[in-house]
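This report concerns only the one structure given below.
The values are calculated or read from the model by the stated rules, or taken from the named source; none is laboratory data. Everything numeric here is computed off the predicted structure, so don't read it as measured data. We place every Cβ from the backbone using ideal geometry, glycine too, and count neighbours over all the protein chains shown.
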Amino acid sequence: MEEKIRTRSSITNVAEKELGLLGRHLDVLRTVKDHGPIGIIRLSQMTGQPQHMIRYSLRTLEKDGIITPSPNGAIVTDKIHDTLGTIESTLDDFSTSMKDLKKKLK
């Protein structure tokens, strides 16, 4: 069976990169929520992401006030539940927007 090869444009590359980043941030957040307090090395092992990427995700999540450092590693803050709800709602909106964009292709 012949494999279909897709050529990606810079527009789709940007979208794919940003979705990947969001996915990584969510993996880190979920792992901190479920296993915190947790450090960078353990997060890297559990998520399969390199430590430098974990550090970046932790900085981003800390900047947004969703996690905070502790002497034993990262822990979630009281903003976790509101944040997860907001992310879910935003992803629902993205899904609708994606369907609308697909219609424009036809």
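Of the residues in the range 27-69, how many are among the polar types (S, T, N, Q), touching a residue at least 12 places away in the same chain (Cβ under 8 Å) and under 21 Å from Ile87 (Cα atoms)?
Adding up the residues that qualify gives 4.
If you check Ser70, Ser44, which single one turns out to be of a type in the set (S, T, N, Q) and touching a Pro at 6+ places or on another chain (Cβ under 6 Å)?
Within the list Ser70, Ser44, the selection yields Ser70.
Among the residues of the range 65-82, which ones are closer than 18 Å to Pro37 by Cβ and either modelled with pLDDT under 95 or among the hydrophobic types (A, V, I, L, M, F, W, C) (or both)?
Ile66, Ile67, Ala74, Ile75, Val76, Ile80
Among the residues of the range 47-95, write down those that are surrounded by 11 or more Cβ atoms within 10 Å (Cβ to Cβ) and assigned to a loop (DSSP other than H, G, I, E, B).
Correct list: Gln49, Asp64, Gly65, Ile66, Pro69, Ser70, Gly73, Thr77, Lys79.
Considering (1) under 17 Å from the mean Cα position of the chain (by Cα); (2) loosely packed, with under 11 Cβ neighbours inside 10 Å, say which one Ser44 fails and leave the rest.
(2)
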